[in-house]
Amino acid sequence: MTKIEAIIQVSKLEGVKNSLHEIGVEGMTVLEARGHGRQKGHTEFYRGREYTVDLIPKIKLELVVADTMVEKIVQAISGAARTGKIGDGKIFLSRVDEAIRIRNDERGEDAL
Amino acid sequence: MTTAGSLSSELRDLYTVESARIREEFASTGNGGMAIAQRTGLVEKITLQLWREIVCREEQGPRNFTLVALGGFGRGWLFPYSDIDLLFLHADRETEQAFKDRIRSFSQGLWDLRLKVSPATRILQECDRFDPANVEFSTSLLDCRYLAGDPDLFTRLHDKVIPKLMTREAQSLLQSLAELTRARHEKFGNTIFHLEPNVKDTPGGLRDCNVALWLSLLSSMDKLHDWPDPKSLLSTSARKQFEPALDFLMSVRCFLHFRHGRDDNMLSWEAQEEAAKRGIGVYETHELTAADWMRIYFSHARSLHRTATQLLEEIPAAWSSLSRHFHNLRTRVSDADFSVVDGLVFLRQSSALQDSEVLLRLFHFVAHHDVRLSTTTEYKIEQLLPSLASTPPRGAELWLYLGEILAQPHAANALRAMHSLRLLTLLLPELKTIDALVVRDFYHRFTVDEHSFLAIESLHRLLQSPTEWEKQYAEILEELEQPELLYLALLLHDTGKGVPSDNHVEGSLAIAEQCLERLDLESSERETVLFLIANHLEMSAALRRDIFDSATIAAFAERVGTPERLKMLCLFTYADIKAVNPDALTPWKAENVWQLYISAANQLNRNVDQRLHLDANVDDEKMIRLRTLAPMAGKKVKAFLEGLPQRYLRTYAAGDVLRHLEMSESLGKHPIQLDLKRGRHWFELTLVTNDRPFLFGRVAGTLAAWGMNIVKATAFSNQAGTVVDTFYFTDRFRTLELNLPEWERFKRSISEVLTGETDLERMLKSRMRAEEKKGTPKIKIKTSIQVDDQCSSNSTLVQVVAQDRPGLLHTVASRFAHHECNIEIALIDTEGQMAIDVFYLTANRKKLSRDQLKQLEAALREALQGIS
């Protein structure tokens, strides 16, 4: 099993969710995040005061999926989230040792 | 098999068979009261058989040891999966030691039967002590009941120890009970209106019922030093609502226990559906929807909560000394009509409520001082409602009071009190659609009416918030000119959820229009409220896009139109999200809302001079309204508006635009047309005249010379060179406020300065001398001058932020004039000590050159330094 963590732009969330639904992925965790890579921050002046946003609001998606689905899902996320500009985000993959469904104690891929 | 073994088996069979029978009977009758009585009887029977088998076979034995039922078991309210509270009471330590093993076996026997026992062991002496860390034990004694063992020992407990304890410790017990109850209520947001309530612990649930009974019992025991007659515990009127509510909740809790197969008291959506279908607790012949069934639930929860809350608050007052009572009467919170005793409002004259004005002032009092109505006051209001229903207050008079109530710091509490008494829906029938309305979604935690009250409350609470990001919101809340319109919009914004429609916003708008018509709001006020309701989801929608993208910001700003509306919409969004559930408005979301707000605010200030061109058919809402109001003036309106900025149409109501048109048409009679009126917070002076150099600065100077403090101003001009300048100012020395004849002299003075008949500099000199004596301000604002040459295609934007002081605007505007810069548009605002002035300037009808800007900036800095 593989954990997919994707940092995407806020405005891309609906598109990514739709893309994932289209390939049969229903379960995911969505987290509010802030961050930046090479994307610069944003400064705005308001009423004589400076408001600097160094950490841009982002959305982090987390999914744990069967290994056979990983590439398909990565493509779906990338395709929906990409604009081609700095700030599009990143996807990280990591191994998961076990998954357990709390309701009925199912384990492994059956729990996904 | 041993005797104990066969008894255990026998009892297990008895428990299983009888429990199934009780369940079947409940399934058929839905009668919770009967089910719990039957279960209590069953458990008692089993307990006594086990007692005789394991502890003592003698009737009423052994001596010095007794088995007592406490808590729910003692009351005879044993729900299907409730714990069984037992007290093993001993006369002394020796008896306790002697029976230790048998008690263990006895408890084990009950556990083996799958009965969840909560045992307590005490000697009689210990029951006389109050432990503040274990209030539950002391309150459970109030429900004690003899089961088995030494009856004399029980009698000593019941007739001597408990009354003595309760009398001696009543204050402490009540205090502890009150604290526990308040903490529990706080945990559930101090509201009964949860979409999925816990029927035991949520305010208005069975725990509140227990609290009400304990409080009554303690109060009576204190007076009588003995147990009272159970029938005397609650007043007749309280009992009328209390008993049906209790019956209902008992049935619901039994239903939930049987449904879940455990002590789970959560009334989930699925449980609500099933309860409605089965008609749990109700006797309707037709099937109810889940929403209708929940309304019945909330109605009962309201009664229980109200009884418990009233008793919580009134019992300390009943014990107040006479001097404390008179002291309270003399406190500054009490007034000529209302007295406050221990935070409860009483009427000095009970007949005063016949006057609806007094009734509304009562709620204003509650909203202002954060006090509650006493039971007697509530009762009087309830008595009044039938006659009030025939001629309810309405129109501008009602709005006058309602607007004031909404603006008070504790408005939400006043609204809840009015709602609970059914007064709010009498005054605003539009709210009936959302009364205790459950609308299911995964985010909202509360009913729609409670959500609206919470939204209002969250804004008022902003002003006390210590967090940095909430302080930012608090600042713009304090700047609002008419905050009551925002609160009214919050009250009405979800009324559409109570009527069938695809889109609740459309439904809410239709309902709000009726309400605003009935309240007789001015047209500009109606427009604002309807705008807020129509667009209350826009900011949240914009957050789902890229809030740093200029196109997103521009589109959003275009939709909002003016800074005042932007502020209101920003606060509306904050409040609406915050009231969904306690975790809904995360700092992440709040910061994004704020970011969008400041970007849009800057956009609005930098995009002001998009001009109106009416060759094309403009179907703006305002234009439609103008055509409706003045159908014959079409061409004249068009000519007047041509070349004015779009902001002009967004700033002024249709009625105002027509007035300006009239003034411009009168320029032939007099070249300076002035209109002065008194607004809610400040005076408003509108000047319509032909543009000329130094115009804006001279009016600003004249106002300064009269001691007026300009808080806001706008200046617009059309293609024909007619200017419409509006100055909003406060009358620092109350010259106009106290002297009506001065109004004409004031207008004449402005006119004479503009025509050159009066020397403005001489007027200003004496005023400035007086101002110099006042000394330096406490808060120092650093001067900043920002220039933006890109935001407009035909003007240069100059923003000046500086210390607010008399004559500032005159100084700045005069510098522009001296450098031959024309003010195309001015947007003047003040925030506390900070003046924020935005000007769109041209020189010879073009943007300013770099050199011109450099010279202007230097001149401004020098001038501003000179008057600091």
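Evaluate region B:842-859: report whether one residue or more is closer than 29 Å to residue B:646 by Cα, part of a strand (DSSP E or B), touching a Cys at 6+ places or on another chain (Cβ under 9 Å) and touching a residue at least 40 places away in the same chain (Cβ under 8 Å). Outline the logic, then answer.
Step one: list which residues in region B:842-859 are closer than 29 Å to residue B:646 by Cα, which gives B:842-850, B:852-853, B:856-857.
Narrowing the set further to residues that are part of a strand (DSSP E or B) leaves B:842-843, B:846.
With the extra rule that they be touching a Cys at 6+ places or on another chain (Cβ under 9 Å), the set shrinks to B:842-843.
Narrowing the set further to residues that are touching a residue at least 40 places away in the same chain (Cβ under 8 Å) leaves B:842.
Scanning region B:842-859, I find at least one residue that is closer than 29 Å to residue B:646 by Cα, part of a strand (DSSP E or B), touching a Cys at 6+ places or on another chain (Cβ under 9 Å) and touching a residue at least 40 places away in the same chain (Cβ under 8 Å), so the answer is yes.
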**OP:** Might you let me know whether region B:769-785 holds any residue that is away from chain A (no Cβ under 14 Å), polar (S, T, N, Q) and outside any loop (DSSP other than H, G, I, E, B)?
**Re:** no
Subject >> So residue B:45, is it in contact (Cβ under 8 Å) with a residue 24 or more places away in the chain and either basic (Lys, Arg) or crowded, with 22+ Cβ neighbours inside 10 Å (or both) >> reply: yes
Original post:
Just one of the numbered conditions (1) facing chain B (nearest Cβ under 10 Å); (2) in contact (Cβ under 8 Å) with a residue 12 or more places away in the chain is not true of residue A:63; which one?
Top reply: (1)
**OP:** Report whether or not residue B:804 is within 14 Å of chain A (Cβ to nearest Cβ) and either under 24 Å from residue B:702 (Cβ atoms) or acidic (Asp, Glu) (or both).
**Re:** yes
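A quick yes/no check of all residues on (1) at pLDDT 90 or above; (2) acidic (Asp, Glu):
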| site | (1), (2) |
| --- | --- |
| B:117 | yes, no |
| B:148 | yes, no |
| B:158 | yes, no |
| B:161 | yes, no |
| B:173 | no, no |
| B:179 | no, yes |
**OP:** Return yes when residue A:74 is farther than 17 Å from residue B:595 by Cβ and surrounded by 12 or more Cβ atoms within 10 Å (Cβ to Cβ) and no when it is not.
**Re:** yes
Subject >> Matching residues, region B:738-760, being over 15 Å from residue B:703 (Cβ atoms) and either at pLDDT below 90 or in a loop (DSSP other than H, G, I, E, B) (or both) >> reply: B:738, B:739, B:740, B:741, B:756, B:757, B:759
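Name the residue, out of A:19, A:11, that is within 14 Å of another protein chain (Cβ to nearest Cβ), among the small types (Gly, Ala, Ser) and either more than 30 Å from residue B:801 (Cβ to Cβ) or free of Cβ contacts under 8 Å to residues at least 60 places away in the same chain (or both). First the steps, then the outcome.
Working: A:19 fails: within 14 Å of another protein chain (Cβ to nearest Cβ).
Of A:19, A:11, the one residue that is within 14 Å of another protein chain (Cβ to nearest Cβ), among the small types (Gly, Ala, Ser) and either more than 30 Å from residue B:801 (Cβ to Cβ) or free of Cβ contacts under 8 Å to residues at least 60 places away in the same chain (or both) is A:11.
Could you please give the count of residues in region B:626-651 that are under 35 Å from the mean Cα position of the chain (by Cα) and in contact (Cβ under 8 Å) with a residue 40 or more places away in the chain? Can you show your working first?
Pass one, region B:626-651, residues under 35 Å from the mean Cα position of the chain (by Cα): B:647-651.
Pick out the ones that are also in contact (Cβ under 8 Å) with a residue 40 or more places away in the chain and you get B:647-648, B:650-651.
So the count comes out to 4.
Of the residues B:571, B:585, B:604, only one is modelled with pLDDT of 75 or more, closer than 30 Å to residue B:452 by Cβ and part of a loop (DSSP other than H, G, I, E, B); which? Outline the logic, then answer.
Details: B:571 fails: part of a loop (DSSP other than H, G, I, E, B); B:604 fails: part of a loop (DSSP other than H, G, I, E, B).
Testing whether each residue is modelled with pLDDT of 75 or more, closer than 30 Å to residue B:452 by Cβ and part of a loop (DSSP other than H, G, I, E, B) leaves just B:585.
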Original post:
Would region B:534-542 turn up any residue that is of a type in the set (Ser, Thr, Tyr), closer than 26 Å to residue B:437 by Cα and surrounded by 22 or more Cβ atoms within 10 Å (Cβ to Cβ)?
Top reply: no
Original post:
Which one is nearest to residue B:561 (Cα to Cα), of the residues in region B:631-686 that are outside the structural domain of residue B:704 (by TED's automatic domain parsing) and assigned to a loop (DSSP other than H, G, I, E, B)?
Top reply: B:652
Subject >> First in region B:574-597 and more than 9 Å from every other protein chain (Cβ to nearest Cβ), second anywhere and part of a helix (DSSP H, G or I) and surrounded by fewer than 19 Cβ atoms within 10 Å (Cβ to Cβ), Cβ under 6 Å, 6 or more apart >> reply: B:590/B:469
Original post:
Can you find a residue in region B:639-646 that is at pLDDT below 80 and surrounded by 17 or more Cβ atoms within 10 Å (Cβ to Cβ)?
Top reply: yes
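Which one of B:796, B:842 is under 18 Å from residue A:45 (Cα atoms), surrounded by 14 or more Cβ atoms within 10 Å (Cβ to Cβ), more than 14 Å from chain A (Cβ to nearest Cβ) and modelled with pLDDT of 85 or more? Write out each step before concluding.
Details: B:842 fails: under 18 Å from residue A:45 (Cα atoms).
That would be B:796, the only listed residue that is under 18 Å from residue A:45 (Cα atoms), surrounded by 14 or more Cβ atoms within 10 Å (Cβ to Cβ), more than 14 Å from chain A (Cβ to nearest Cβ) and modelled with pLDDT of 85 or more.
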Subject >> Complete set of residues in region B:455-475 that are surrounded by 23 or more Cβ atoms within 10 Å (Cβ to Cβ) and modelled with pLDDT under 95 >> reply: B:473
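Regarding region B:106-126, can at least one residue be identified that is under 16 Å from residue B:61 (Cα atoms), in contact (Cβ under 8 Å) with a residue 24 or more places away in the chain, loosely packed, with under 14 Cβ neighbours inside 10 Å and of a type in the set (Asp, Glu)?
No - not one qualifying residue is present in region B:106-126.
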Original post:
How about region A:43-69: which of its residues are at pLDDT 85 or above, surrounded by 15 or more Cβ atoms within 10 Å (Cβ to Cβ) and outside any helix (DSSP H, G or I)?
Top reply: A:56, A:57, A:58, A:59, A:60, A:61, A:63, A:64, A:65
Original post:
Of the residues A:90, A:72, which is more than 14 Å from chain B (Cβ to nearest Cβ), farther than 30 Å from residue B:567 by Cα and assigned to a strand (DSSP E or B)?
Top reply: A:90
**OP:** Tell me, please, whether a residue that is more than 15 Å from the chain's Cα centre (by Cα), surrounded by 15 or more Cβ atoms within 10 Å (Cβ to Cβ) and more than 22 Å from residue B:272 (Cβ to Cβ) can be found in region B:483-497.
**Re:** yes
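Just checking, how many residues over region B:539-568 are in a helix (DSSP H, G or I), β-branched (Val, Ile, Thr) and more than 11 Å from chain A (Cβ to nearest Cβ)?
1
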Subject >> Checking residue A:10 against (1) out of contact with any Pro (no Cβ under 7 Å at 6 or more places or on another chain); (2) at negative phi; (3) not polar (S, T, N, Q), the condition it does not meet >> reply: (1)
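Could you please find all residues in region B:32-53 being in contact with an Asp or Glu (Cβ under 8 Å, 6 or more places away or on another chain) and either within 22 Å of residue B:118 (Cα to Cα) or not small (Gly, Ala, Ser) (or both)?
As a first pass, look at region B:32-53 and keep what is in contact with an Asp or Glu (Cβ under 8 Å, 6 or more places away or on another chain): B:32-35, B:38, B:42.
Of everything in region B:32-53, those that are in contact with an Asp or Glu (Cβ under 8 Å, 6 or more places away or on another chain) and either within 22 Å of residue B:118 (Cα to Cα) or not small (Gly, Ala, Ser) (or both) turn out to be B:34, B:35, B:38, B:42.
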Subject >> Sole residue being surrounded by 14 or more Cβ atoms within 10 Å (Cβ to Cβ), touching a residue at least 60 places away in the same chain (Cβ under 8 Å) and touching a strand residue (DSSP E or B) at 6+ places or on another chain (Cβ under 6 Å), chosen from B:250, B:266 >> reply: B:266
**OP:** Taking residue A:31 as the residue in question, decide whether it is assigned to a helix (DSSP H, G or I) and closer than 24 Å to residue B:541 by Cα.
**Re:** no
**OP:** Of all residues in region A:23-47, count the ones that are in contact (Cβ under 8 Å) with a residue 24 or more places away in the chain, among the basic types (Lys, Arg) and within 14 Å of another protein chain (Cβ to nearest Cβ).
**Re:** 1
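The values are calculated or read from the model by the stated rules, or taken from the named source; none is laboratory data. What you see is a predicted model; the values in this text were computed from it and never measured. We place every Cβ from the backbone using ideal geometry, glycine too, and count neighbours over all the protein chains shown.
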